[in-house]
Amino acid sequence: MSLTPVTLASKSSARQMILKNAGVAFEAISPGVDEEAAKAGLLAEDVTPRDIADALAEMKAVKVSTKRPGLVIGADQTLDLKGRLIDKVDTLEQARARLLELRGQVHKLHSAVVVARDGQPIWRIVESAKLSVRPFSEAWLDQYIERRGEALLWSVGCYELEAEGVQLFDQVDGDYFTILGLPLIGLLDFLRLHGALAV
């Protein structure tokens with residue numbers, strides 16, 4: 001019996017690795033969505049960071065599913081600091097400023113997944129995690145940035161929880177895969193139900 005084809009509407013190496021490690025066969029393609037313009041429009045309408053993640057995941061899944069057979073997975077993650085949407089940074093200087101802004105604070109990560117078929121969303125989930133950043137020293141921060149380098153620019157929080165970035169936190173409440181940007185357990189269940197994974 002052939003499995004339903006799966007496409008990941010993302011070029012995120014982290015999301016691809018999560019699916020690959022979970023044993024999901026898929027093809028990854030760029031969704032071609034202007035995320036910055038979409039985000040700006042949503043923020044202008046006072047959409048919450050949680051709902052922005054959901055809307056962007058849907059845009060990606062729906063756009064790609066008009067051109068691809070089977071199931072298309074769209075995903076997005078937003079960082080919510082006291083209700084304010086925090087965007088990715090471009091330089092290590094900005095990463096340092098971002099981590100100092102998060103120091104001693106609690107923030108949320110909202111991770112959304114939408115699956116679409118033939119241009120219509122057919123399943124969605126948004127999960128949130130709450131992370132408390134410890135009051136680290138600036139000396140520790142500078143050494144951390146020196147060791148991790150450009151890799152810190154890949155995530156909105158400028159940390160890699162799956163690596164040394166876990167040292168930034170004194171408390172983490174939430175699912176590991178949600179923090180990495182792809183709530184996985186519910187997604188796998190959905191893929192089994194729709195013939196994309198063996199039962």
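The values are calculated or read from the model by the stated rules, or taken from the named source; none is laboratory data. No experiment lies behind these values; they were computed from the predicted model shown. Using ideal geometry, Cβ is built from the backbone for each residue, glycine included, and neighbour counts are taken over all protein chains shown. Ligands, DNA and RNA are stripped out before the accessible areas are found, and what is left, the full protein with its side chains, is counted by its heavy atoms. Shrake-Rupley method; radii C 1.70, N 1.55, O 1.52, S 1.80 Å.
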*Output the residues belonging to the range 129-140 that are within 30 Å of Pro31 (Cβ to Cβ) and open to solvent by less than 20 Å² (accessible area, probe 1.4 Å).*
Ala129, Leu131
*Among the numbered conditions (1) touching a residue at least 40 places away in the same chain (Cβ under 8 Å); (2) open to solvent by 50 Å² or more (accessible area, probe 1.4 Å), tell me where Val126 comes up short.*
(2)
*Select from the range 141-160 the residues that are within 24 Å of Ser128 (Cα to Cα), open to solvent by less than 20 Å² (accessible area, probe 1.4 Å) and not β-branched (Val, Ile, Thr) and list them in ascending order.*
Ala151, Leu152, Gly157, Cys158, Tyr159
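Please return the ranges of helices (runs of 4 or more DSSP H) entirely within the range 1-98 where 1 or more residues are more than 17 Å from Ser111 (Cβ to Cβ) and modelled with pLDDT under 95.
Once the helices (runs of 4 or more DSSP H) in the range 1-98 are filtered for at least 1 residues that are more than 17 Å from Ser111 (Cβ to Cβ) and modelled with pLDDT under 95, what remains is 35-44.
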*Counting only residues that are in contact with a Pro (Cβ under 7 Å, 6 or more places away or on another chain) and more than 19 Å from Leu184 (Cβ to Cβ), which one in the range 36-69 is least open to solvent (accessible area, probe 1.4 Å)?*
Val64
*If Leu184 passes every condition in (1) open to solvent by 20 Å² or more (accessible area, probe 1.4 Å); (2) touching a helix residue (DSSP H, G or I) at 6+ places or on another chain (Cβ under 6 Å) but one, which one does it miss?*
(1)
*In the range 99-121, how many residues are part of a strand (DSSP E or B), surrounded by fewer than 16 Cβ atoms within 10 Å (Cβ to Cβ) and in contact with a helix residue (DSSP H, G or I) (Cβ under 9 Å, 6 or more places away or on another chain)?*
1
